[in-house]
Amino acid sequence: MRLFAPTGDGRVLAYVFGDRLTYVRGTNVVRVGDQLIGGGTEAPPLGGATRAAIVARIPNLRDRDAVTELYARSVLVIALHQELSGAFLASPPDDVLLAYALDVCGERGASEAFYAWAITNRDLDGTLMWGLQRHVALVHRSALEEEYQRLKDGPGPELAATPPELPKDPAAWIERALRRRNQLDLLVDGEGVDLRAHALFLICVHALLPKLVGTEDFFFDHQAMAQEIHRARALYGGAFHDGLVSQGDDPLLQVEVRDDLEPAHVSIEQAGDRYRVRADTRAGGIWASDSDPRPGGQEFAFGDASMPPPDWAHDAVIYQVMVDRFARTDGELPEPGSATALYGGTLDGVREHLDHIVSLGCNTIWLTPVHQSPSHHGYDHEDFFKVEPRYGGDAALDRLIEDAHTMRVRVLLDFVPNHTGRGHHLFREARAQGGDAAEFYRFWQWPHYYRCFFDVITLPELDTGSRRVQDYLVKAAQHWVTEYGADGLRCDHVAGVDPAFWNELRRGLRQVKPDALVLGEATGHFDWLARYAGRIDAIFDFDFAHVARETFARGRMSLVDFARWMDAHDNAFPGLALATLLDNHDMNRFLWMAGGDKRRLKLAATAMMTLPGAPIIYYGTEVGLTQRHDAVTENAEARLPMLWGEKQDGDLLAHFQRLGRLRATSAALRRGSRRTLHADDNEVVYERVLGDERLVVTLDLGSLRGSVVDDAGRDRLREDDVLGVGPDQRPG
């Protein structure tokens, strides 16, 4: 049989025949001698191909490069054989194997489209039920969950799940597939492309991947995962550049090109305030990227250190509120049931409890997303410009911010530029219309193949590298500041967003509010995080949260090591403000980690409120709110309803209030220098100094008590009532 190469774009499928065929690596572009079919000479690898970077995680793998290339071709060739309807050009039961292979490798939007088609257009059988069963188990809030539940309960045994036969020795099967592949990395049989074999290959590769085991502190286990995935995908395309270069620095020092490409020259192409990075290699010219390569190259921007964080960030004490779980005005929230249910909290409920928040010394509120959304958390928002009606709509947000400002409390709103919900009108238009509408998202083959936040298909990713998308998002962010008076934004999943966007966002917010704060949820390696200075104003100090939990909750880190960490950490992020925390909505609560020991929580809170950074109190932590079980499988368990009235721990609340009053009246705690004075297995002692004010903090793990002593020898934690410090004495 002569060579043949399938090519297409999701709307058209064609086969090219000949004797001298090759694919441009990671694409569907076919080279026939000197002629290219299906794209240009510099076509970058498609998002489906860059998934092959995951092969690097398999230990002791023979022929890793060959496995990587066959993995990439397998994803691409299966995608080519899926119709717009969702159906595959394959007969049952092989079509289910194709969908299952896409599920395991993360292309779950495509498998969802297949099952939606199959339920109404294909004979129902046991293999289909097996695949659908696994699909709804993998896909959070699949639209097919209800349909699956209906089908599995009837009408007869013919719909019982029947698993197909899968290879018992994945490694041996992979070796046989490598021997069988042709020079185009295709597995073929007498009838053409053997799609079943490509699916089994993907399934076998994933069977060899080390399992990611969640632990009780799951949030911290893989903090740099997004960063590392992006780098690996960029390097599959040939060259990586993280795009986090400050004005005046040389971008070429931050470029990495694959050695096997034998790079000859790397250059910068500048256009206005943006630049691109080009590498000339033996394989031709390639553009560097920070993740999936972009046609024509990714545009990067220099960080701007001329805009420091707003001064008020240094005095901030922040209270995090999850609106649905906090309070309502027409009665109490329901008793805890399902962790993912809607509990009915409202913005007016938050407004009615501003006194509680202020009593903690908090002068800033962070509201988790209030955009229109079907969920309790709001990170799957469906409109960038509307307030969720369940929360009270636009008028309720106006009332809350107005009353907060009257009490000299600032308000940060959660902003999600990385992705939207699947029900967002922009995404519905993108899938229905394609073309310009689809360019808002990261489709690599419209309409079924697109990037999602950690492969969660309810959270499709926006193409934040697009100038058009950047402009839209900046206008949306400005809307919340100008229309409602928000004082800044807490920005979700910084690592997923094009680095140049942060320049545009901060510049756009400062145009409408000169002291607006951009606080980013950035996780990853220290050197990488530090380079966000000049792009965002502040980052969450997740490293503090980790060591505080290890030291004070679990006792797995000694105070000596904690002191060493503080000494190394004090100056780790110049140009960035830090927001410290003990827990939040994405991790197990501190009190649960501490086995319910509130003395440990008090000691950790004393550390947080006396160390540098803007402390964040997660709603309920101050009154003893915990959880019923480990939240590793469902982090909503750490978001149970707020405790009010007699359910609150009054002693714990009083401790947080004393800490808040102390920090509010001490410039040394908010802005002073820190120095370790002593550390041993039982206690650590450090001082905070600013001008004539000096406070000495002692944290004692033996007695589980802390003290904050001034130069007069008074323990301010125990004498603040005597000194007459009131909750109204807060920094402006």
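Looking only at the range 466-498, which residues are acidic (Asp, Glu) and surrounded by fewer than 22 Cβ atoms within 10 Å (Cβ to Cβ)?
Passing the criteria: Asp471, Glu483, Asp492.
Arg599 falls short of the stated requirement of being more than 28 Å from the chain's Cα centre (by Cα) and crowded, with 20+ Cβ neighbours inside 10 Å.
Go through (1) outside any helix (DSSP H, G or I); (2) farther than 21 Å from Leu677 by Cβ; (3) within 26 Å of the chain's Cα centre (by Cα) and name the single condition Gly555 misses. Of everything listed in (1) outside any helix (DSSP H, G or I); (2) farther than 21 Å from Leu677 by Cβ; (3) within 26 Å of the chain's Cα centre (by Cα), Gly555 misses just condition (3). For the range 521-548, the set of residues classified as within 15 Å of the chain's Cα centre (by Cα) and of a type in the set (Phe, Trp, Tyr) consists of Phe540, Phe542, listed by residue number.
Among the residues of the range 622-643, is any under 18 Å from Gly706 (Cβ atoms) and among the hydrophobic types (A, V, I, L, M, F, W, C)? No, the range 622-643 contains no residue that is under 18 Å from Gly706 (Cβ atoms) and among the hydrophobic types (A, V, I, L, M, F, W, C). Only one of the numbered conditions (1) in a loop (DSSP other than H, G, I, E, B); (2) out of contact with any strand residue (DSSP E or B) (no Cβ under 8 Å at 6 or more places or on another chain); (3) of a type in the set (Asp, Glu); (4) at pLDDT 95 or above is not met by Glu175, and that is (1). Considered as a group, the residues in the range 662-694 that are out of contact with any His (no Cβ under 8 Å at 6 or more places or on another chain) and within 22 Å of Leu591 (Cβ to Cβ) include one that is surrounded by the most Cβ atoms within 10 Å (Cβ to Cβ), and that residue is Arg663.
Against the condition in the same structural domain as Gly595 (by TED's automatic domain parsing) and part of a loop (DSSP other than H, G, I, E, B), how does Leu653 come out, does it pass?
no
The set of residues from the range 695-705 being farther than 13 Å from Leu611 by Cα and surrounded by 15 or more Cβ atoms within 10 Å (Cβ to Cβ) comprises Asp700, Leu701, Leu704, Arg705. For the range 183-204, check the following and say yes or no: at least one residue is out of contact with any helix residue (DSSP H, G or I) (no Cβ under 9 Å at 6 or more places or on another chain), loosely packed, with under 13 Cβ neighbours inside 10 Å, in the same structural domain as Ser91 (by TED's automatic domain parsing) and among the small types (Gly, Ala, Ser). Yes, because at least one residue in the range 183-204 is out of contact with any helix residue (DSSP H, G or I) (no Cβ under 9 Å at 6 or more places or on another chain), loosely packed, with under 13 Cβ neighbours inside 10 Å, in the same structural domain as Ser91 (by TED's automatic domain parsing) and among the small types (Gly, Ala, Ser).
Only residues that are in contact (Cβ under 8 Å) with a residue 12 or more places away in the chain, surrounded by fewer than 20 Cβ atoms within 10 Å (Cβ to Cβ) and hydrophobic (A, V, I, L, M, F, W, C) were counted in the range 387-407, giving 1. Scanning the range 356-386 for residues that are of a type outside the set (Phe, Trp, Tyr), touching a residue at least 24 places away in the same chain (Cβ under 8 Å) and either part of a strand (DSSP E or B) or not assigned by TED's automatic domain parsing to the domain that holds Gly485 (or both) returns Thr364, Ile365, Leu367, His371, Asp383.
Looking across the range 1-28, the residues that are touching a Ser or Thr at 6+ places or on another chain (Cβ under 7 Å) and hydrophobic (A, V, I, L, M, F, W, C) come down to Ala14, Val16.
With the condition kept exactly as written, say whether any residue in the range 40-49 is charged (D, E, K, R) and either under 31 Å from the mean Cα position of the chain (by Cα) or closer than 26 Å to Ala432 by Cβ (or both). Within the range 40-49, one or more residues are charged (D, E, K, R) and either under 31 Å from the mean Cα position of the chain (by Cα) or closer than 26 Å to Ala432 by Cβ (or both).
Among the conditions (1) in the same structural domain as Thr50 (by TED's automatic domain parsing); (2) in a loop (DSSP other than H, G, I, E, B); (3) of a type in the set (A, V, I, L, M, F, W, C); (4) buried (at least 19 other Cβ atoms within 10 Å of the Cβ), the only one that Leu166 does not satisfy is (4). Pairing each residue of the range 408-429 that is farther than 12 Å from Asp380 by Cβ and touching a residue at least 12 places away in the same chain (Cβ under 8 Å) with any residue that is among the aromatic types (Phe, Trp, Tyr) and not in a helix (DSSP H, G or I), provided the two are 6+ apart or on different chains, yields C-beta distances under 6 Å for Leu412/Trp366; Leu426/Phe440.
Residues checked against (1) in contact with an Asp or Glu (Cβ under 8 Å, 6 or more places away or on another chain); (2) small (Gly, Ala, Ser):
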{"position": "Leu459", "(1), (2)": "yes, no"}
{"position": "Thr464", "(1), (2)": "yes, no"}
{"position": "Ala476", "(1), (2)": "no, yes"}
{"position": "Ala486", "(1), (2)": "no, yes"}
{"position": "Trp502", "(1), (2)": "no, no"}
{"position": "Arg506", "(1), (2)": "yes, no"}
{"position": "Gln511", "(1), (2)": "no, no"}
{"position": "Val518", "(1), (2)": "yes, no"}
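Applying the set (1) touching a residue at least 12 places away in the same chain (Cβ under 8 Å); (2) farther than 30 Å from Ile119 by Cα; (3) buried (at least 17 other Cβ atoms within 10 Å of the Cβ); (4) in contact with a strand residue (DSSP E or B) (Cβ under 9 Å, 6 or more places away or on another chain) to Arg2 leaves exactly one unmet item: (3). Taking the criterion of being in contact with a His (Cβ under 8 Å, 6 or more places away or on another chain) and assigned to a loop (DSSP other than H, G, I, E, B), the residues of the range 314-353 that qualify are Met322, Phe326, Ala327, Thr340, Ala341, Leu342, Tyr343. Looking across the range 387-406 at every residue that is among the charged types (D, E, K, R) and part of a helix (DSSP H, G or I), the one that is nearest to the chain's Cα centre (by Cα) is identified as Arg390. Can you name the residue in the range 16-29 that is part of a strand (DSSP E or B) and in contact (Cβ under 8 Å) with a residue 60 or more places away in the chain and is also nearest to the chain's Cα centre (by Cα) among such residues? Out of the qualifying residues, it is Tyr23. Within the range 69-89, residues that are closer than 13 Å to Trp117 by Cβ reach partners that are in a helix (DSSP H, G or I) and polar (S, T, N, Q) with beta carbons closer than 8 Å, at six or more positions or on different chains, in the pairs Ser85/Asn121; Ala87/Asn121.
Note on the range 688-699: among residues that are in contact (Cβ under 8 Å) with a residue 24 or more places away in the chain and either among the basic types (Lys, Arg) or not in a loop (DSSP other than H, G, I, E, B) (or both), the one that is nearest to Leu603 (Cα to Cα) is Leu699. Pairs are defined by a Cβ separation below 6 Å, a sequence spacing of at least 6 or placement on different chains, a first member in the range 174-203 that is under 23 Å from Pro93 (Cα atoms), and a second member that is hydroxyl-bearing (Ser, Thr, Tyr) and modelled with pLDDT of 95 or more; the pairs so defined are His198/Ser74; Phe201/Ser74; Leu202/Ser74. Scanning the range 630-650 for residues that are surrounded by fewer than 18 Cβ atoms within 10 Å (Cβ to Cβ) and either modelled with pLDDT of 95 or more or not assigned by TED's automatic domain parsing to the domain that holds Ala579 (or both) returns Trp644, Gly645, Glu646, Lys647, Gln648, Asp649, Gly650.
The values are calculated or read from the model by the stated rules, or taken from the named source; none is laboratory data. Everything numeric in this text was worked out from a predicted model, so none of it was measured. Note that each Cβ is placed from the backbone with ideal geometry, even for glycine, and that neighbours are counted across all protein chains shown.
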